[in-house]
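I have placed the structure first, in the form of C-alpha cells, so that the comments after it can refer back to it.
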Amino acid sequence: MHRRDLIKTMAAGTTALGTLSTLSTAQAAHMPKQRAGRPIEQESVQFWSETSLNRVFPNSEAGSAETLELTSARNARLSFQICFRNLRDCCIRVRASLEAPTGWTTKTRRVGFVLMDQHSTDVPPDEMDGRGFIPGLVPDPLFPEETANVGFEANGVFWITLQIPADAAVGKLKFTATLTVEDEFRFPMWMGKAPFKIDLPISVDVKST
C-alpha cells in the first residue's frame, strides 16, 4: 500500500469525508507554485528568487526574478531563497546581502548539498520531490556564510531568514535582496574582475495577526 493510501485509510476511521476534502484543499494551498517570469541574466550568470517551499538542486533550471510576494504575521519568522546559476566556464564568487526594513532582524546562510542515494520508499511518483535529481545531490545544510564559490553550470543558493518585529507596520513592505558577483577564478588564481550586482525585489504583506 502506498503511503497516500495508508494515510487515507487511517484518517477514514476518525474523520468524515468532508473533513478529508478540506484537509486536501488546505494542503494543496501550501504546495509550491510555479511563478511566472524569467531569471535575470547578466554576464553569463542567471539570478532569481524562490520561496522556502521549493527545493533548488545543483542542476535545477533557473526560476523567476519577478517580485517574490510573501505573507507573514507580526512577531513571526519568514524565510526565502535567492539563487544564481553560473554559465561561465570558470568558478565565480557571489555574495548575498539584504536591504530589510528598519527593525527587522535578518540572517543569511549558504545552502549546502548532500548526497541522497534514493527516493523515500512507498511514495507515489506524482508526490515525489526531486525526480530527475535523485539519486544525486540535494539541498540540506545551512552554513553561516554570505558567499558561495560555484563552478560551471551549477547553482548557488542562499537561505534568507527574516524576524518580523511585533510592532512591524501592517501592509505590504517592499525591499531588495542583492547578489554580487565579486570575482572569477581561472587557474591558478582569482582574476580580480570588476564586480557587478543584481537586485531581486521582495514583498512581504505583514498581517496584524
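The values are calculated or read from the model by the stated rules, or taken from the named source; none is laboratory data. Because the structure is predicted, anything quoted here is derived from the model rather than measured. Don't worry about glycine lacking a Cβ; one is built from the backbone with ideal geometry, like all the others, and counts go over all protein chains shown. For accessibility, only protein heavy atoms count, side chains too; no ligands or nucleic acids. Shrake-Rupley method; radii C 1.70, N 1.55, O 1.52, S 1.80 Å.
Counting Lys and Arg as +1 and Asp and Glu as -1, what is the net charge of the other residues whose Cβ lies under 11 Å from the Cβ of Phe158?
Summing Lys and Arg as +1 and Asp and Glu as -1 gives +1.
Quick check: pseudo-label points 7 Å beyond the Cα along Cα→Cβ at Glu66 and Leu137, how many nm apart are they?
3.0
With a 1.4 Å probe and all protein chains left in place, how much of the accessible area of segment 110-209 comes from carbon and sulfur atoms, in whole percent?
Here carbon and sulfur together make up 54 percent of the probe-accessible area.
Label Met189 and Lys107 with points 7 Å out from Cα along Cα→Cβ: what is the distance between them in nm?
Placing both labels 7 Å beyond Cα along the Cβ direction yields 3.9 nm.
How big is the C-alpha Rg of segment 83-209 next to the rule-of-thumb value 2.2 N^0.38 Å, as a ratio?
Against the compact-globule rule of thumb, the ratio is 1.31.
With every protein chain left in place, what is the accessible area per residue of segment 72-190 in square angstrom, probe 1.4 Å?
53
Mind running the shape call on segment 86-134? Use the C-alpha gyration tensor, a ≥ b ≥ c as the square roots of the eigenvalues: rounded below 1.5 for a/c, prolate if a/b tops b/c, oblate otherwise.
Since a/c reaches 1.5 but b/c is at least a/b, the shape of segment 86-134 is classed as oblate.
If I stretch the segment between Glu43 and His119 completely, what's the gain in nm (0.36 nm per residue apart, minus their alpha carbon distance), one decimal?
23.8 nm
What is the sum of charges around Asp140, taking Lys and Arg as +1, Asp and Glu as -1, for the other residues whose C-beta is under 14 Å from the C-beta of Asp140?
Within the 14 Å Cβ shell, the charges total +1.
Once you have the Kirkwood Rh of segment 53-126 from its Cα pairs, apply Stokes-Einstein at 20 °C and 1.002 mPa s and quote D in µm²/s.
Reported coefficient: 132 µm²/s.
Please report how far the C-alpha centroid of segment 42-94 lies from that of segment 163-179, rounded to the nearest whole angstrom.
Cα centroid of segment 42-94 versus Cα centroid of segment 163-179: 18 Å apart.
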